[in-house]
């Protein structure tokens, strides 16, 4: 693919009714709510202490560090979310709060550039002694991303200078020199952050440091073993088994050099964060070996280990992948952060090679798992996003200890809520990709964007009511003619797209999932893209044993589910009629503005099942009765109280 460049979010305005609602929710509800949570002012929510940790580290307060070893990252992600929202709309009060927080962070930074409240307050003598377990580089990465985002949004350099000082400190500590540490993080994040910092500053030492962390990973002798011996075989997470993070190298994708890895393994968030950084590095450096590794691991993950909702990470143990085609629905871990990381990985793959499959996955994760991670009120969140829930079993069976039937106000490990906020705030980064001569439209989200085109600029306005309606209009609004190419993604779920250019139907000739239109564009030129959205039955590969004989419903990018609130209890007793026609209806109550699906099916009729033997011999199968079924968008589930939910349903 030709060299890509970032879309300047100051030249992109979101106008989409669906997503403007979410961005208003983030600005008006989510960010203020999360600020209160970070300051421990949300009643009945798990305490955070994150801001107080910075106050203690800065000498402005007395007390002990509290929270996870990576608690700082929650503040960094909140700041990044604020930055992206300030790009969309100025907010003096929000910016003032952010500026004060940045001054607090700067006061907590140590003279040598080091910044981490856990080790500053609680264990200063243990700095950089436990990379495998203790998240120092992970927290640094999130702070660096916040600094870059705040600089891009506001032009202010205060936090950027803080994170450059931090990155310079890390560059002195790590590297191939005899007095340096030859290690890399247990939880990847610093790699992609350093690449963002390089993009913002053009300082090649950040590029070199990112490359060092990536290429050192998995080499022998293994750094995790060496540092484990140096610290006397002690482990930070003793309660979870002695040094299991050190011993299980695949958990943190450190079992082999990345160039030799074949399958998606280990902690799902770590995997996609790492590969996002590798893809960015491969693109900037033109590194074919790294590109092939990214493609190989992408293919394994998306073709054999990804859920229909764009979720990844099938098991709670290690928040990790399991094996090919093992995709349990009710015990799924499928962390919100993992799908956000998947979008970050997909975006960087798109920047490296224009292939619509990356945008297809990005869209699937966004409209399903990422949105499902936050309640419609903006104040409750899922860490885990199962595809099937039975509250009665959850309360009694410890195999479901990680699954919640309703979203929580906050978490002791609160990585997901601010991560969702920063993703929704930065959504403009995902809509378009640009090269010198082509603007790629990856997501159909109403917006207006201006990009360089030849010796001038091209301004494109995108309108529609996606994901509910199937028509997208793209209109050129720039006054000067511009020769350029527009590449429109043709979603994999849509087999029959249609295009009309300036009122005339045109033949679509797909090329790697995009339709290309090259011309000298003038003001008023338009393309109408129609993406028919019939309700489609989706079936799993037959090797996915959990779903054989079942179907899921999808309309456009949205996966649908059954919920007890509409269909009653015992959803496992429902079947979808073969060949049934589907009808669409407007949602009611909290589902207002959404489209629901009505279908014919049947259910078990035996109302006295509780009085029958647990097992019977040679009897008649249960009697069934015809009934109507109602499916709602998966991202809307659990907004009407506790109840059963499932995506996959048996087909008669």
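Within this structure, residue 510 fails the test of being surrounded by 12 or more Cβ atoms within 10 Å (Cβ to Cβ), under 30 Å from residue 651 (Cα atoms), out of contact with any helix residue (DSSP H, G or I) (no Cβ under 6 Å at 6 or more places or on another chain) and outside the structural domain of residue 579 (by TED's automatic domain parsing). Residues considered: 183, 218, 177. Of these, the only one that is at pLDDT 95 or above, in contact with a strand residue (DSSP E or B) (Cβ under 9 Å, 6 or more places away or on another chain) and assigned to a loop (DSSP other than H, G, I, E, B) is 183. Of all residues in region 107-119, those satisfying the criterion of being surrounded by fewer than 16 Cβ atoms within 10 Å (Cβ to Cβ) and either touching a residue at least 12 places away in the same chain (Cβ under 8 Å) or in contact with a helix residue (DSSP H, G or I) (Cβ under 6 Å, 6 or more places away or on another chain) (or both) are 107, 112. Just to verify a result, which residue in region 138-173, among those that are under 25 Å from the mean Cα position of the chain (by Cα) and more than 19 Å from residue 198 (Cβ to Cβ), is surrounded by the fewest Cβ atoms within 10 Å (Cβ to Cβ)? Checking each candidate, the answer is 154. Residues that are in contact (Cβ under 8 Å) with a residue 40 or more places away in the chain, more than 30 Å from the chain's Cα centre (by Cα) and over 19 Å from residue 647 (Cα atoms) are absent from region 528-544 altogether. Scoring residue 208 on the criteria (1) assigned to a helix (DSSP H, G or I); (2) more than 28 Å from the chain's Cα centre (by Cα); (3) surrounded by fewer than 20 Cβ atoms within 10 Å (Cβ to Cβ) leaves a single failure, condition (2).
Quick one: count up the residues across region 348-386 that are part of a helix (DSSP H, G or I), over 22 Å from residue 516 (Cβ atoms) and in contact with a strand residue (DSSP E or B) (Cβ under 7 Å, 6 or more places away or on another chain). Count: 2. When region 221-245 is filtered for residues that are modelled with pLDDT of 90 or more and assigned to a helix (DSSP H, G or I), the ones remaining, listed by number, are 223, 224, 225, 226, 227, 228, 229, 230. In the condition set (1) in contact (Cβ under 8 Å) with a residue 24 or more places away in the chain; (2) surrounded by fewer than 19 Cβ atoms within 10 Å (Cβ to Cβ), residue 495 is compliant with all but (1). Looking at this structure, is residue 529 in a strand (DSSP E or B), farther than 30 Å from residue 621 by Cα and touching a strand residue (DSSP E or B) at 6+ places or on another chain (Cβ under 8 Å)? Yes; evaluated as a whole, the condition is true for this residue.
On the stretch given as region 286-343, residues that are assigned to a loop (DSSP other than H, G, I, E, B), in contact (Cβ under 8 Å) with a residue 40 or more places away in the chain and closer than 25 Å to residue 215 by Cα total 2.
Among the residues of region 508-526, the ones that are modelled with pLDDT of 95 or more and assigned to a loop (DSSP other than H, G, I, E, B) come to 8 in all. Counting only residues that are under 23 Å from the mean Cα position of the chain (by Cα) and either under 17 Å from residue 171 (Cβ atoms) or free of Cβ contacts under 8 Å to residues at least 40 places away in the same chain (or both), region 120-137 holds 2 of them. Among the residues of region 143-163, are any at pLDDT 95 or above, assigned by TED's automatic domain parsing to the domain that holds residue 222 and within 24 Å of residue 63 (Cα to Cα)? Yes, region 143-163 contains a residue that is at pLDDT 95 or above, assigned by TED's automatic domain parsing to the domain that holds residue 222 and within 24 Å of residue 63 (Cα to Cα).
Condition test on residue 543, is it surrounded by 14 or more Cβ atoms within 10 Å (Cβ to Cβ) and either at positive phi or outside the structural domain of residue 352 (by TED's automatic domain parsing) (or both)? In short, no. Residue 566: touching a strand residue (DSSP E or B) at 6+ places or on another chain (Cβ under 7 Å), farther than 29 Å from residue 450 by Cα and surrounded by fewer than 22 Cβ atoms within 10 Å (Cβ to Cβ), yes or no? So residue 566 passes the test. Restrict the check to region 252-259 and report whether at least one residue is in a helix (DSSP H, G or I), out of contact with any strand residue (DSSP E or B) (no Cβ under 7 Å at 6 or more places or on another chain), free of Cβ contacts under 8 Å to residues at least 60 places away in the same chain and surrounded by fewer than 19 Cβ atoms within 10 Å (Cβ to Cβ). Looking through region 252-259, at least one residue is in a helix (DSSP H, G or I), out of contact with any strand residue (DSSP E or B) (no Cβ under 7 Å at 6 or more places or on another chain), free of Cβ contacts under 8 Å to residues at least 60 places away in the same chain and surrounded by fewer than 19 Cβ atoms within 10 Å (Cβ to Cβ). Remark: pairs (first residue in region 32-44, without any contact (Cβ under 8 Å) to a residue 40 or more places away in the chain; second residue assigned to a loop (DSSP other than H, G, I, E, B) and crowded, with 19+ Cβ neighbours inside 10 Å; Cβ separation under 8 Å; 6+ apart in sequence or on different chains) = 39/48; 40/48; 40/49.
The values are calculated or read from the model by the stated rules, or taken from the named source; none is laboratory data. None of these values were measured; they are calculated from a predicted model. In this analysis, Cβ positions are derived from the backbone assuming ideal geometry, glycine residues included, and neighbour counts consider all displayed protein chains.
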